[in-house]
Amino acid sequence: MGVLKKILSLKLVFILGVIVGFLFYFKPSETKKNSVEKSPSSTKVIHEGNLKDVQLFGEKNQFVLSKDLTLADGKYLVGFDYVNGDEDIKKEYIGFRYYEIDNQFKETTVNVLDEIRKKAPNAFINDYQINVNSGVSVVDMGYYMSRRARERDIGDEKNIYYKLDEQKYYSTYAIPEGSAVKEKIIDYTNLMELIDKNTGFDLQAGFKFQKQAKNVNTDINLFAIYPEFKEKMLSGKYWIEPRLQLLSSKEWFDTLLHWFAPKGQDVLSGVKIEARYSIDGQEHEIRSYDEFKQYYNGQGGELSE
């Protein structure tokens, strides 16, 4: 009987040892504090934009049709590189690629995240901006010190600037005054609102069709001249941008007036200069850039021909 009790005691000790060992083996390891956040480079990187979707057109190749690439200073096409995030933060940016239009689309890759993490090991890039104004070739990327800081909105967003012409980073950068006058001329009229209302296109630095647009007329001169663009543009995925250094203000403005007029009509009607930019403080209908100049009071800055 004593032998049996001894055997049972040994079995009980063995079983308890196995249970303790099992629990110890599967105990979750503690996360190290202050660990460097994992670089998204280990995840599949998505490259926005493809040169096969790019077409230069016009007598001087002064216009660009593209998809997921953005024109910078009329000389470069920029596409961003990122990894997919989650529901709260859709994209985690790594950097970008840019193509030199007049150098056989030579490609250069810029890993901005690596540059930032030299000083901020946990940095998280969450946004970008391209200053498309004529004479400026700068990509601005916004970042937080960590993903957690972005999620909890801790601290201010910081910026790093990369100047394409110089292939150089800047911690601060100011856009030269007057660099966007060719684009601003459009803001001194109701042209953007009229194009949006009539055709469903959103006119900014370039223009893109808004698929949600209702009761609009897309039978316009643009597609009479370039019928091969119609399907692409109306998909809402492509846009057209001007290379402003190859265009005068007159050429750009008058081209828009013609392209967005109904097919067969020479100029879009109803375009007016705003009263505050008019020499007599009144709105006036205009049918060309020359007529705009006649009424312009200079309040928006000196015109750049």
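Each value in this text was obtained by applying a stated rule to the coordinates, not by laboratory testing. Only a predicted model underlies this, so the values are computations on that prediction, with no experimental measurement involved. Here Cβ is always computed from backbone atoms with ideal geometry, including for glycine, and neighbour counts include all displayed protein chains.
Worth pointing out:
- Restraint check, LYS232/LYS263; LYS52/LYS163; LYS90/LYS158, Cα-Cα greater than 22 Å: LYS52/LYS163
- Among GLY281, SER249, GLY298 the positive-end extreme of the charge dipole of the stretch 238-305 (Cβ point charges): SER249
- Paramagnetic label zone (point 7 Å from Cα along Cα-to-C-beta, LYS197; backbone N under 11 Å) in the stretch 265-295: 270-272
- Dipole axis of the stretch 40-170 (+1 Lys, Arg; -1 Asp, Glu on Cβ), positive-most option in ILE94, TYR128, GLN104: ILE94
- Mean Cβ count within 10 Å, highest first, over the residues of peptides 186-197, 162-173, 73-84: 73-84, 186-197, 162-173
- Computed magnitude of the charge dipole of the stretch 181-295 (debye, nearest 20; Cβ of K, R +1, Cβ of D, E -1): 400
- Relative contact order of the stretch 40-170, pairs being alpha-carbon contacts under 8 Å that are 6 or more residues apart, as %: 16
- Among 97-104, 142-149, the order from most to least packed when residues are scored by Cβ within 10 Å on average: 142-149, 97-104
- Taking each residue as 0.36 nm, the span from PHE105 to ALA275 lengthens on full extension beyond its C-alpha to C-alpha distance by 56.8 nm.
- Paramagnetic reach from THR43 in the stretch 138-174 [backbone N under 17 Å; point 7 Å along Cα→Cβ]: 143-152
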